[in-house]
1. Name the single residue, out of those in region A:123-181 being within 17 Å of A:I421 (Cβ to Cβ) and β-branched (V, I, T), that is nearest to the chain's Cα centre (by Cα).
2. Does A:T487 meet the test of being crowded, with 24+ Cβ neighbours inside 10 Å, of a type in the set (V, I, T) and either at positive phi or touching a Pro at 6+ places or on another chain (Cβ under 6 Å) (or both)?
3. Please verify whether A:T460 is under 25 Å from A:F156 (Cα atoms) and surrounded by 22 or more Cβ atoms within 10 Å (Cβ to Cβ), treating the condition exactly as stated.
4. Can you find a residue in region A:68-75 that is surrounded by fewer than 22 Cβ atoms within 10 Å (Cβ to Cβ), without any contact (Cβ under 8 Å) to a residue 60 or more places away in the chain and aromatic (F, W, Y)?
5. Output the qualifying pairs, or none if there are none: Cβ atoms under 7 angstrom, residues six or more apart or on different chains, first residue in region A:553-580 and on the phi < 0 side of the Ramachandran plot, second residue near RNA strand B (Cβ under 7 Å from one of its atoms) and assigned to a helix (DSSP H, G or I).
6. Would it be correct to say that A:E10 is within 16 Å of RNA strand B (Cβ to nearest atom) and not hydrophobic (A, V, I, L, M, F, W, C)?
7. Among the residues of region A:285-295, which ones are buried (at least 16 other Cβ atoms within 10 Å of the Cβ), in a loop (DSSP other than H, G, I, E, B) and not hydrophobic (A, V, I, L, M, F, W, C)?
8. So how many residues does region A:261-294 have that are under 43 Å from the mean Cα position of the chain (by Cα) and free of Cβ contacts under 8 Å to residues at least 60 places away in the same chain?
Amino acid sequence: MLDKKYNHLEVEKEQYEIWKESGYFKSGRNSGKPFCIVIPPPNVTGKLHLGHAWDTSIQDIMIRYKRMQGFDALWVPGMDHAGIATQAKVDKKLREDGMDPRSMSREEWLKYAWAWKEEYALNIHDQWAKLGLSLDYDKERFTLDEGLSKAVRTVFVKLYEEGLIYRGERMINWDPMAKTALSNEEVIYKDVEGAFYHIKYPFVDSDLYLDVATTRPETMFGDTAVAVNPNDDRYKDYIGRKVLLPLVNREIPIIGDEHADPDKGTGCVKITPCHDPNDYEVGLRHNLEKIVVINPDGTMNENALYYEGLDRFEAREKLVKELNEKGYLLKTEKIVHSVGHSERTDVLVEPYLSKQWFVKMRPLADKVLENQKNKDTKVKFLPSRYEKIMNHWMEITYDWCISRQLWWGHQIPAWYKDDQIYVGIDAPKEEGWVQDEDVLDTWFSSALWPFSTLGWPEETEDYQKYYPTSVLVTGYDIIPFWVNRMTFQGLHFTHQRPFEYCYIHGLIRDKMGRKMSKSLGNGVDPMDVISEYGADALRYYLTTSTAPGTDLRYDEDKVRAAWNFINKIWNASRFVLMNISDLQEEKFENLSISDQWILTRLEKTIKDVTKYMDKYEFQNVNTILYKFIWEDFCDQYIEMAKFSLESITTKSVLKKVLTDILKMLHPFMPFVTEEIFKNLSKTPLIISEYPKYDKNLLFVEGEAKCNALIEFVRIFRNRKAELQIGKEYRIYISKPNDYSLIRKLLKWEDKETEEKLSLNYTVVEYQDYQVYLYNEHKETLEDQEKKLKTIDSLKKSILKRENLLKNQNFIEKAPENLVNEEKRKLSEEKEMLKKYEEE
RNA sequence: GGGCGUUUAGCUCAGUUGGUUAGAGCAUCUGCCUUACAAGCAGAGGGUCUGCGGUUCGAGUCCGUAAACGCCCACCA
C-alpha cells in the first residue's frame, strides 16, 4: 500500500537500478518494428544543464512510449569528446595543479585528458540515472573510441580520394587563446564598443595626405596598399601614386579596387592581406606583398617595430597614443560594431592566413538540397519550418575548415615525408613518415554519430536493423553545427537520411526570458530541481509546457504545479488501492451511468492521447490527460464511486481506469507511475502494454445521461452558492426515485421534504432534472442582478443563433449536424429564458 | 540587407485540416479541515485573441498590411 504522503525522494531512490539491472532498457526485447534514437552526445566537459534534461526527457518519452507499444526500441547513449572545450578545461585543471600543459608531451597530456573523461563520464551517467532515462547502455559509444575513430578515418580517406577534402592555405578564423583554427560556425558575432580611428597617410610626393579610417589600427604594420574605388571621383586620380605608412615609413601604393566602398568610412581603406579576409582577396587581385604582424597567440611580432611582444589590444592602445602624439591621428569616432568571438573561449577571433584542411562543401550540400525535394526520402522536420534553416545553410555554406591545432581529438590520418603526402586509414609501413599533428573538428566525428554508433563502416546487425534512425531530437541552435552535417555525411556515406524525423525544441530561458548563462548567474541545475521536486515533476514540466520548437521560460511555480499534479495522482491511486484490495476478479456487470461515463471518457482519452503521442505533441497530450485525470476521474468519478464502493463493478472500473492512466502517464513520469503500478500488477509498468482504443467500450447514452447529471449538480451548487445557502437547507424532488445519486452527491438525503412547501423556493433544473430548493432568505438585490445578467446573455445568444439560422447561406453550406445542433440549442435556450422570465 | 518567430486573462502559455458563448496553470474573490489529497474541495470574477483591411454562411485560426519584441543568416575599413 502507498505511504500516506507522496515523497519523490523515496519513490525515485532505487527504481532506476531495478529497471536497468532487469534489462528493460535493452533493445531487442520486443519483436515489433525497430524504433531508434541516438542521444545527442553531451560534452564530457561537465555537468548536464536544464537544456539536456529537456532534450533527453523528450527522447525518453518517445522511447518509453514506443517500447510499451511493442516496438523494438533502441536508445543509444554516448558522449562527445568536445575537442576545444575539453582541452581548455583539462589545461586549466593542469595549471591549477601547478603543471604546464604545453611543456608536456602529447602522450603525457592525453593521459590526463582520458582520466578527466572517465571522471566526467561517471558524473553524466549519474545524472542520466537521476533523470530516469531508459538508455541501452550495452550500445554506449564515445566519439573517440576505436570503432568511431575508424569511421572517422574511413570518411576522411574516402572524401580525400574523392577530392572532397583538400589541404590549402586560406584565410581562416583563428582563436588566439586556444591557438587553433575554427570553422565559420564557431564564430559568434557580438556587438562591442570600438572606435573608428582616422589616420593620416601622407603622400610620398606632396604635403597632402589620405584620411584612412580603421577599427584595427594595430594591423597597419601589415598594410601593403590603400584602396580606393576606381569610380570614386574624390580619389580616382590618386590611383598609382604612393603614400607613406606612418611610423613604419614604408611606401605603399594606392590601388583601385571595387572592395573600397565610397559610402563607407572615408572611402579609402587600408589593405592588410594577412589580417582581413577581404584584404586577402584584394591582395591576390593586385599581387600585393603579404606581411604578417600578429603571432598565433595574439601578440605583435617583429614586423610591428617596438610593439613586438605586446598583446594586440595593448598594442592598439599604445599605438593610438603614439599616432596622436605625432600628429597622425585625425580623429577618433566611437562606434558599436559587431566582432567575431570564439564560441568556446569567447576571445576575439583573428582572421589568419594559414594552411589547413577543408571539406569541399558544394557537392555534398547540393546532394542534401536535392534529397529534400523528395518527400519519401527527406529528413522531416518537426516543426516543419526548421527545414528552411537547414536548406538555407546548404545553399550558402562554404568550405569547412576541419583541422584544429589541438591534441584532444582524432588525429588527421595524413602522413608527410619530404614533399610527399599519404592519406590512409592506417599509417604507412615504411620508415620516415610523420603524421599530421592536427586533429579534426569535433563536429567531424559528431556528423557521423547516427551511423558510426551503430557500427558503420561495418555492415553490423545493428546498423542494418536500426539505421536510418527514427527521430533525432535537438535544439534549434545545433542545426548548423550538427543536424546539417549529419544530414550531408549520412546522405553521402549511407545513401539515405540519417533520421526520418528531426524534432527541434527551443532553448531554456530564465523567468525574464534571458538566456541562462554563467555570467548572468541565472542558471538552474536540474539536479537541484530533482532533489526538490523529483525527476518526474521536472520531466513533466519540461515536456508539456510549450509547443514544439518554441523556447521555454523556466518557472519554478510550474514545476511545483507539476508536483501537485503528481501528488494528486498519488492520492487518487491511494484511494483506489485502499478500496480494491479485496478485489479478486474484475467484473464489469450492471454498469451504472457513472461507470459508463468514465469508461467512455477513458476510451476517448486513449484515442486522443495516442493521436498526439504519435505526433510527438506532448503539450496536447498533457491537456487531455490532465483534464481527464483531475476533473473527470478525481473530481467526478471517484466522488460518485464513493457511494458504491462495495460493488465489484465499481472496484473493477476504478482499477481499470487507474491502470490505463498510469500507463499513459508513464513515459512522462516513469518513477511514480511504476511505484504505484507495483500494487496493481506483477508486470513492471515500463514493459507493460500501452492502452489501445476500443470503440466497443463507448457508452454514448450513459455518457450523455451522466453529463446531464453532472451539469445539473454544477448548476445546483452554483445556485446554492449564489443564494448563500449553507449546510442547512431543504429541497423537494418531484421524481424522488431517480435521484439517489444526486441526493448523495449533494449530501442532503435526510433533508428532503415530502411535498412542496409554501416557503420561498427556487427551482433548479436542467434537462430532466428539477428540484425545488427552499431558502428562507428572500432573493437579494445581487441575485436579481445576476438573474438579469443571465437573462441578458441568454437573449444575446438567442439573437445570435436566430440570425445564424435565418442566414440561407449557413443553412445550405454548413454541415447538417451543425445546423441541427444550432436549432436544438436555440429551442433549449428559449425554454430556459421563458422559465427565468416567469420566475 | 535577407529570412524566421512571437504578440490570446494580472503573469506564463495552449488553442494543428476555419464551426457551441476562446482554454489551462499560477495569481485574485467567496464558502468549506466532506474520512485519497487544505500542495485539497465547491463556486465566482477576469480576454473587443496587437492594429487595420480582405476571403468566407462563419476567422484567434486563412490571405494582405502595419507596429512592437525576439531569433537566425549575411555584411560591417
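1. Across region A:123-181, the extreme among qualifying residues is A:I165.
2. When the stated conditions are applied, A:T487 does not pass them.
3. It is false that A:T460 is under 25 Å from A:F156 (Cα atoms) and surrounded by 22 or more Cβ atoms within 10 Å (Cβ to Cβ).
4. Yes; the residues of region A:68-75 include at least one that is surrounded by fewer than 22 Cβ atoms within 10 Å (Cβ to Cβ), without any contact (Cβ under 8 Å) to a residue 60 or more places away in the chain and aromatic (F, W, Y).
5. Sorted first by the residue in region A:553-580, then by its partner, the pairs are A:F565/A:Y626; A:K568/A:W630; A:K568/A:C634; A:A572/A:C634; A:A572/A:I638; A:F575/A:I638.
6. Yes; evaluated as a whole, the condition is true for this residue.
7. A:N295
8. Qualifying residue count, region A:261-294: 8.
The values are calculated or read from the model by the stated rules, or taken from the named source; none is laboratory data. Because the structure is predicted, anything quoted here is derived from the model rather than measured. Cβ: placed from backbone, ideal geometry, glycine included. Neighbour counts: every protein chain shown.
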